[in-house]
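Only one structure is covered here, and it is reproduced in the block below.
Bear in mind that the values in this text are calculations on the coordinates, not laboratory data. What you see is a predicted model, and the numbers here were worked out from it, not measured in a lab. For neighbour counting, all protein chains shown are included, and Cβ atoms are generated from backbone atoms with ideal geometry for every residue, glycine included.
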């Protein structure tokens with residue numbers, strides 16, 4: 001596979017995933033209401049209502065949470081206004097997710113040594129992690145690593161980069177925060193098929209994960225992050241991207257994404273597991289981001305696993321939509337709370353996104 005990077009593991013002590021906190025906006029709408037509202041905005045510009053409805057149904061989403069009440073979006077007639085709201089709501093939801101993760105781990109904000117922040121739906125400088133440091137009174141010597149542009153892969157990649165850091169600082173504790181407010185990137189002047197699909201698929205939410213270094217003893221249900229692998233596919237930049245125009249982020253989404261996943265993921269997974277002395281049959285649990293029905297199906301075919309192996313991803317997609325980088329963390333939180341993993345079990349957490357690229361994270365309980 002072209003352009004792969006592997007992070008080998010050694011020894012018996014590895015970073016430990018201690019908790020995941022989640023936050024969803026209170027504004028929840030069934031898909032039928034959102035589809036009708038969007039059609040009313042686009043009526044007269046898109047001729048075929050039947051096709052529009054079919055595209056929205058095809059993404060398999062029953063309802064979504066939005067950062068704002070649906071009626072408030074009419075006033076957001078510029079990129080500046082949308083981004084201002086993004087900054088405001090990202091800080092609020094990020095704080096909620098962080099507070100939840102810390103409470104689950106039995107920790108305080110001052111216990112965090114390094115905060116990683118990932119997003120692809122808004123911009124801020126200083127980045128949202130700086131606002132969280134102030135809002136939560138974190139230590140003045142906290143390290144910050146904001147990550148922008150990884151899209152759906154950001155949840156898995158962010159977790160892998162946090163674990164990489166902790167291998168160098170095993171006595172530290174890191175936090176990954178993901179906030180994605182996809183509704184605040186809506187482009188009402190774009191009637192492309194890609195934008196219609198995106199308008200039915202993506203939603204809003206935040207997640208935060210607490211990861212402690214190998215010097216910290218793991219709890220009975222805490223998985224260790226034992227290795228990760230990055231997969232970059234050269235010359236596929238236009239498969240998935242933003243085009244930044246006058247009105248903000250305009251979606252670029254190729255219909256070829258599922259085929260790319262189907263053709264490349266198996267080789268990447270097998271190569272990674274072979275380097276770890278494992279094979280796909282050793283993996284008991286698969287935790288995948290909610291890329292949409294065709295992407296999930298492509299993952300199942302590539303990995304030669306049944307639909308039930310990704311059932312939590314399918315359920316998350318249906319109930320809250322695709323939360324971009326936060327999606328895989330929501331699925332992982334559902335999995336951790338189920339307590340189905342047994343000591344010694346291996347799991348793979350995976351995401352794919354703009355680049356085009358992927359990230360595989362090997363967990364062991």
Task: Approximate shape of the range 307-365 as ellipsoid semi-axes (Cα gyration tensor, √5λ), whole Å, largest first - done: 20, 16, 9
Task: Compactness of the range 172-324, expressed as Rg and Dmax over alpha-carbon positions, Å - done: 17.8, 53
- [ ] Any chance you could run the full-extension gain for residue 37 through residue 342? It's 0.36 nm times the residue separation minus the Cα-Cα distance, nm to one decimal.
- [x] 105.2 nm
TODO: Using a Förster distance of 25 angstrom, determine the FRET efficiency expected from the C-beta separation of residue 318 and residue 242, and round it to 0.05.
DONE: 0.45
Task: Rh by Kirkwood over Cα pairs, then Stokes-Einstein D for the range 176-227 at 0.890 mPa s and 25 °C, µm²/s - done: 169
- [ ] Rank-order 200-208, 232-240 by packing density, defined as the average count of other C-beta atoms within 10 Å over each peptide's residues, highest first.
- [x] 200-208, 232-240
TODO: Report, to two decimal places, the Cα Rg of the range 92-184 normalised by 2.2 N^0.38 Å (N = number of residues).
DONE: 1.02
TODO: Could I have the simple spin-label model distance between residue 263 and residue 305, label points 7 Å from Cα toward Cβ, reported in nm to one decimal?
DONE: 2.3
Task: Mean Cβ count within 10 Å, highest first, over the residues of peptides 225-231, 329-335 - done: 329-335, 225-231
- [ ] Enter the per residue convex hull volume of the range 165-259, computed from alpha-carbon coordinates, in Å³ rounded to the nearest integer.
- [x] 171
Open item on the list: For the chain, take the longest principal axis of its alpha carbons; what is the angle in degrees between that and the long axis of helix 154-168, to the nearest 10 within 0 to 90?
Closed with: 20
- [ ] With everything on Cα atoms, drop me the angle between helix 311-320 and the longest principal axis of the chain, reported from 0 to 90° to the nearest 10.
- [x] 40
- [ ] Could you work out the mean projected area of the convex hull around the alpha carbons of the range 17-212, in square nanometres to one decimal?
- [x] 11.2
TODO: Could you work out how far apart the two model spin labels at residue 280 and residue 13 are, taking each label as a point 7 Å from the Cα in the direction of the beta carbon, and quote it in nm?
DONE: 3.6
- [ ] With no solvent and one equal point scatterer per Cα, compute the Debye intensity ratio I(q)/I(0) for the range 145-194 at 0.20, 0.29 Å⁻¹ and report its log10, rounded to two decimals.
- [x] -0.77, -1.14
Open item on the list: Could you tell me the center-to-center distance, by alpha carbons, between the range 206-284 and the range 314-365 in angstrom?
Closed with: 10
Open item on the list: Could you tell me the calculated FRET efficiency between residue 171 and residue 148, based on Cβ-Cβ distance and R0 = 35 angstrom, to the nearest 0.05?
Closed with: 0.75
Open item on the list: Tell me the angle of helix 31-42 to the major Cα principal axis of the chain, expressed in degrees between 0 and 90 and rounded to the nearest ten.
Closed with: 50
Task: Sorted by Cβ neighbour density within 10 Å, fewest at the top, the residues 96, 337, 359 - done: 337, 96, 359
Open item on the list: Can you show me the helix-derived [θ] at 222 nm for the chain, built from DSSP H runs with n ≥ 4 at -39,500 (n - 2.57) apiece and divided by the number of residues, rounded to the nearest 500.
Closed with: -11500 deg cm²/dmol
Task: For the chain, average projected area of the Cα convex hull in nm² - done: 16.8
Open item on the list: I need 363, 323, 253 ordered by Cβ neighbour count within 10 Å, fewest first.
Closed with: 253, 363, 323
Open item on the list: Bin width 5 Å, origin at 0, all Cα-Cα pairs of the range 243-365: what percent of pairs per bin?
Closed with: 2, 10, 21, 23, 20, 12, 6, 3, 2, 1, 0
- [ ] Averaging sequence separations of C-alpha pairs under 8 Å and six or more residues apart, then dividing by the length of the range 222-365, give the relative contact order as a whole percent.
- [x] 37
Task: Peptide ranges 187-195, 85-93 listed from the most packed, as the mean C-beta count within 10 angstrom indicates - done: 85-93, 187-195
